[in-house]
1. PRE reach from residue 189 (point 7 Å along Cα→Cβ): which of the stretch 161-178 fall under 16 Å by backbone N?
2. As an exercise, identify the GluC sites (Glu not before Pro) in the stretch 133-210 lying in DSSP coil whose Cβ has no more than 12 other Cβ atoms within 10 Å.
3. With contacts defined as alpha carbon pairs under 8 Å and 6 or more residues apart, what's the relative contact order of the stretch 64-123 in percent?
4. Hey, can you rank 149-162, 69-82 by average C-beta count inside 10 Å, highest first?
5. Say R0 is 30 Å: what FRET efficiency, to the nearest 0.05, do residue 73 and residue 206 get from their beta-carbon distance?
6. At a Förster radius of 30 Å, what calculated FRET efficiency corresponds to the Cβ-Cβ distance of residue 53 and residue 108, to the nearest 0.05?
Amino acid sequence: MSSDSQTPSNEPPADDEDHLIRLQKFLAATGLGSRRHCEEYIETGRVSIDGEVVTELGAKIDPETQVIEVDGERVRLQPRRYYLLNKPSGFLCTNNDPAGRRRVVDLFPSDGQRLFTVGRLDENSEGLILVTNDGELAQRLAHPRYRVARTYHVQVVGNPPREKLDELRKGVRFKEGVFRVSGLKYLKKQGKSAFLELTLHEGQNREIRRMMARIGHKVIQLVRIRFGPLNLGKLKTGESRRLTDVELKKLRQLLNEKHSPDIRHRKGKKNAAPAKARGSRKAVNKPSGERWAAAGKNVSESKTSGKKAGGKRSGTTGRKAGTGSAKPKTTGRRIIGDVSENRTRQGKRK
């Protein structure tokens with residue numbers, strides 16, 4: 001485990017009132033979990049400030065002078081720690097297992113720090129997983145809305161044909177919804193098995209194993225090789241290392257880019273605006289031929305040249321007034337008229 005990288009400051013940002021911070025923000029910074037989970041601790045009366053139980057979410061504290069306890073034990077800010085682990089098979093990504101099975105956190109020294117995994121790999125899966133005490137970052141990286149790419153090397157029984165692999169791209173329906181891969185690459189065939197590279201953006205419980213079983217190819221081995229900008233590299237099974245400053249910067253950039261749902265929402269509104277401006281509701285409800293005629297009438301009435309509507313124009317054939325065939329001036333709006341009428345006019349020009 002390398003320790004040459006510098007960990008960022010663990011001091012949580014201060015609120016408006018000098019050095020006071022919100023209680024749930026402080027608890028999340030200590031590594032108790034996400035801010036939402038810390039709010040549950042407060043609401044259920046498990047948190048006390050200087051010996052007094054607090055259940056208000058808006059409470060602010062001074063972590064330097066006040067004593068904060070959860071379930072009777074004092075909690076303090078810990079230096080932020082970020083590890084990349086090559087998880088071996090047979091370990092659970094949980095901090096509490098009543099059966100006493102082996103856990104991922106057991107692979108790290110027990111020095112008082114509370115670590116937890118970012119998302120999960122099931123017990124029989126292997127490969128890259130992040131382990132940290134930064135609850136807020138872990139919550140965001142694991143949340144489906146940020147669509148962090150996860151890439152796996154999967155060995156399956158048999159040799160799946162192309163049409164079966166296409167089903168994975170189109171999506172396989174389960175009770176939770178439709179599961180699909182965003183990237184798929186056939187790597188090689190080995191004996192009576194095949195190796196695939198699959199990329200997902202939303203992790204569901206045993207998602208790959210369930211999809212492959214649905215198309216008739218059971219998973220033999222599953223190894224995660226990439227998570228967002230992070231790569232497993234040559235890290236051996238069971239080994240871990242600290243994340244570098246560059247890797248941490250890339251993770252934070254990933255969360256601040258296009259994955260925000262607010263940005264997607266604004267883009268949708270922008271694309272919808274031109275359609276709304278094409279015409280009033282009254283005009284839209286009219287048949288196409290009537291809209292064309294109405295447009296022609298409005299243009300002819302607005303002319304100030306003194307010419308009568310329907311008169312002949314130089315270089316054009318004689319057109320009867322009131323037929324709606326008079327071509328309006330260019331106004332910057334596209335008015336779609338009757339298709340058959342357009343074809344007739346084009347034929348006359350020919």
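The numbers here are math on the coordinates, done by the rules we state, and not lab data. Here the structure is a predicted model, which means the values were calculated and not measured. Note that each Cβ is placed from the backbone with ideal geometry, even for glycine, and that neighbours are counted across all protein chains shown.
1. 161-165
2. Here the GluC sites (Glu not before Pro) that fit, given the DSSP loop and packing criteria, are 176.
3. Working: 44 pairs, mean separation 17.2, N = 60.
After rounding, I find 29 percent.
4. On the way: 149-162: 17.1, 69-82: 13.9.
Going from most to least packed, we get 149-162, 69-82.
5. Numbers: r = 35 Å, r/R0 = 1.16.
E between residue 73 and residue 206, to the nearest 0.05, is 0.30.
6. Working: r = 32 Å, r/R0 = 1.08.
Taking R0 as 30 Å, the efficiency between residue 53 and residue 108 is 0.40.
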